[in-house]
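Structure first, then comments.
The values are calculated or read from the model by the stated rules, or taken from the named source; none is laboratory data. In this text the structure is predicted, and so the values were computed from the model without any measurement. Using ideal geometry, Cβ is built from the backbone for each residue, glycine included, and neighbour counts are taken over all protein chains shown.
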Amino acid sequence: LAGEVGDELNQKVYIVGGFVRDLLLKTDNWDLDFVTEGDGIELARQLNHKIGGKLTIHEKFGTAVIKLPQFISIDIVTARREYYEYPAALPKVERSNIWSDLFRRDFTINCMAIALNQDNFGEMIDYFGGMKDLQDKQIRVLYNLSFIEDPTRIFRAIRFAARFNFTIEKSTCQYIEQAISANMLEKLSNDRIREEIIHIIREQDVLDKSLQMLNSFKIFKSLDPSLTINSMVIRKVKNVRFSLEGFRQLSSKPFNQTIVMLMQLISEVDTDKISEVLKKLIANETLVNSITQSMVKRRSVYEILSQEEVDRYTIYTALKPHSDEALIFFYNDSENPYVRHYIAFYKLKLSSIHIKITGKDLQEMGIKPGPIYKMIMDSVLKAKVLGTIYDRNGELEFAKQK
Ligand code: ATP
């Protein structure tokens, strides 16, 4: 259909990139990228007229996206050439042809296109040897400065190599090493690094491979010298998915899986460096602070909970200050059966306990405001957690006695 619309508008249209790669690998991919040697926005408008999706146009970039049900997404762009004013900058773009559009891309396996106009429908366009590299299971860049121009491609190379179980071709490996030695990673903003690390850890099935590759290129060390990722960390990061599955049985609230994985990833960083490292990986400062608190306290939590007998109030006070994500991290990280048992018990039986009496209630009972209020409330909470009182009336009676 896109080709027909292209014919009507007298524009060449191609499907390119990941879709073509995945088609050849016989893998589903519903992110369709169309490139036209003509007006991309007009093509998007006319195409959407026929298929009735939700069209968003970015005039400034000359691009458009059509969203269809079932998470089908169609990106349409005018063929463009990209150039970099300085290394690691965001690229400048100008209108061009399909060759230049493919040449601006990252790896040969992502640089193939299939023509969609009637006169050459289905013709495979493979200027850079993508098909051969797919057969040889290799990730290869198009030219030696590729990683210098855009160091995020280093992370992408590792992500694709891990995902498809490909190797990174020898010269490409050398270009990566050269870019890292030239400190190109330092030129990337925290936002761009963050995005790439998150893309990598989301591909959980192959995490051991991708983390090992990141390690072998000493990428973690270049991002932050205190970031130690040893084989134990890799194993635990891989296990996060199982801990999360366990927690989903205990609570219907959604968890932020990425946060748990990031906590586990930095679990061997020295306590005084945690906050600094986290800032590179998480943008939200409040979140960074709360995660830092939980990570700093984790050893004392494990110590309290690693006993055979711990009373309910001790469990409650040890775990109450921490988010669900921190609890899952403790569960996964400690690997201690007692700690795990008490965390599950807390989540199931204790986490929702809170007191209902307020300062106003105490005032109405004729108690003068002061530090006594906190003492009373703490004892009421303790009694509730220990199971010696149950409802609000009980709470009020108990407060009166106090
Ligand atoms: P995925 O399956 O992870 O979505 P994809 O190949 O579709 O993989 P995208 O990140 O959606 O990846 O990018 C779409 C296309 O844009 C890629 O196939 C590649 O050709 C190109 N591309 C994306 N990022 C870069 C980059 N940093 N440098 C060069 N080309 C890129």
Margin query: Can you find a residue that is away from the ligand (no atom under 16 Å from the Cβ), outside any helix (DSSP H, G or I), in contact with a helix residue (DSSP H, G or I) (Cβ under 6 Å, 6 or more places away or on another chain) and modelled with pLDDT of 90 or more anywhere in region 13-23?
Written below: yes
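Which of the helices (runs of 4 or more DSSP H) contained wholly in region 120-225 include at least 3 residues that are within 15 Å of the ligand (Cβ to nearest atom)?
Output list reads 130-136, 146-149, 152-164, 170-181, 190-202.
Can you tell me how many residues within region 24-37 are in a loop (DSSP other than H, G, I, E, B) and either near the ligand (Cβ under 8 Å from one of its atoms) or at positive phi (or both)? I'd like the intermediate steps shown before the answer.
Looking only at region 24-37, we keep the residues that are in a loop (DSSP other than H, G, I, E, B), and these are 25-30.
Then keep just the ones that are either near the ligand (Cβ under 8 Å from one of its atoms) or at positive phi (or both); that gives 26, 29.
Number of matching residues: 2.
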Margin query: Six or more apart or on different chains, Cβ atoms under 6 Å: show the pairs whose first residue is in region 146-160 and more than 13 Å from residue 83 (Cα to Cα) and without any contact (Cβ under 8 Å) to a residue 40 or more places away in the chain and whose second is within 9 Å of the ligand (Cβ to nearest atom) and not hydrophobic (A, V, I, L, M, F, W, C).
Written below: 147/153
Check: Quick check, is residue 283 closer than 30 Å to residue 393 by Cα and among the small types (Gly, Ala, Ser)?
Finding: no
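So is residue 316 surrounded by fewer than 19 Cβ atoms within 10 Å (Cβ to Cβ), in a helix (DSSP H, G or I) and in contact (Cβ under 8 Å) with a residue 24 or more places away in the chain or not? Write out each step before concluding.
Working: surrounded by fewer than 19 Cβ atoms within 10 Å (Cβ to Cβ): no; in a helix (DSSP H, G or I): yes; in contact (Cβ under 8 Å) with a residue 24 or more places away in the chain: yes.
No: the conditions fail for residue 316.
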Item checked: Residue list for region 56-80, restricted to those being under 16 Å from residue 35 (Cα atoms) and aliphatic (A, V, I, L, M) -> 57, 64, 65, 66, 74, 76, 77, 79
Check: When you look at residue 331, is it among the hydroxyl-bearing types (Ser, Thr, Tyr), surrounded by 17 or more Cβ atoms within 10 Å (Cβ to Cβ) and farther than 27 Å from residue 296 by Cβ, yes or no?
Finding: no
Margin query: I'd like to check something: does region 81-88 contain any residue that is in contact with a strand residue (DSSP E or B) (Cβ under 7 Å, 6 or more places away or on another chain), within 13 Å of the ligand (Cβ to nearest atom) and part of a loop (DSSP other than H, G, I, E, B)?
Written below: no
Item checked: Meets criteria (in contact with a helix residue (DSSP H, G or I) (Cβ under 8 Å, 6 or more places away or on another chain), buried (at least 16 other Cβ atoms within 10 Å of the Cβ), touching a residue at least 24 places away in the same chain (Cβ under 8 Å) and hydrophobic (A, V, I, L, M, F, W, C)) for residue 233 -> yes
Check: Scanning for something of a type in the set (Gly, Ala, Ser), over 28 Å from residue 149 (Cα atoms), under 18 Å from the mean Cα position of the chain (by Cα) and at pLDDT 90 or above, does region 252-273 turn up at least one residue?
Finding: yes
Next item on the list: Would you point out the residue of region 102-119, among those that are over 28 Å from the mean Cα position of the chain (by Cα) and crowded, with 18+ Cβ neighbours inside 10 Å, that is farthest from the ligand (Cβ to nearest atom)?
Entry: 117
